[in-house]
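J.: Can you read through this structure? Questions will come right after.
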Amino acid sequence: MNKTVLHLMFGAALLVSAAPVVSGAGRPGASQTSSTTAKKKKVSSKSKKKPKVKGQAAPTPDRIREIQTALQKDGSYQGEATGKWDAATMDAMRKYQDKNGVSPTGKIDAVTLNKLGLGSGTAGKGAPIPAASSSAAPSDPTEK
């Protein structure tokens, strides 16, 4: 016999011997009746949880004092810079936002912080667009 036939016969023998195990007939205590149901293992819900995405952190009391001081200089905030984001601070922020053409939400946002002089120079702006080169690259590599 050649090797291919032997391999085919060996493979067929493996399939025939594995059939009862795959179908469940070879397991002890398994029956083919519909009254018996297999119990599934419950997977712990902890293993399925995705890591929680952390949102924006609340401003520190020092940062709130900076904002309150800037609102005082503008005249929108009449009080002591306490470092607490309270109703008086929210009202002052709304007043400032309304005077400066920002939606008066009373919430801290990048546009308002920029107008107060406390924001990042890049906050609320898109990615920089590269300037077009004024000198064209030579198309012939031998040209210089």
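Every number in this text was worked out from the coordinates using simple rules, so none of it is lab data. If you're wondering where the values come from, they're calculated on a predicted model, not measured in any experiment. Heads up, the Cβs are rebuilt from the backbone with ideal geometry, glycines too, and the neighbour counts pull from every protein chain shown.
J.: Multiplying the sequence separation of Thr4 and Ala110 by 0.36 nm and subtracting their Cα-Cα distance, what value in nm do you get?
T.: Extra length available between Thr4 and Ala110 comes to 30.8 nm.
J.: Output the pairs from Lys52/Lys99; Lys84/Lys115; Lys52/Lys84; Lys54/Lys99; Lys52/Lys95 with a Cα-Cα distance over 29 Å in this structure; if there are none, say none.
T.: Long pairs (Cα-Cα over 29 Å): Lys52/Lys99; Lys54/Lys99; Lys52/Lys95.
J.: Which distance in nm do the two modelled labels at Ala132 and Ser120 give, with both placed 7 Å along the Cα-to-Cβ direction?
T.: The answer from the label model is 3.1 nm.
J.: Sticking with the crude label model, points 7 Å out along Cα→Cβ, report the distance from Lys99 to Thr82 in nm, one decimal please.
T.: Taking the two extended label points, one gets 2.1 nm.
J.: Based on the mean of other Cβ atoms within 10 Å per residue, sort peptides 92-105, 51-64 so the most packed one is first.
T.: So the order, starting with the most tightly packed, is 92-105, 51-64.
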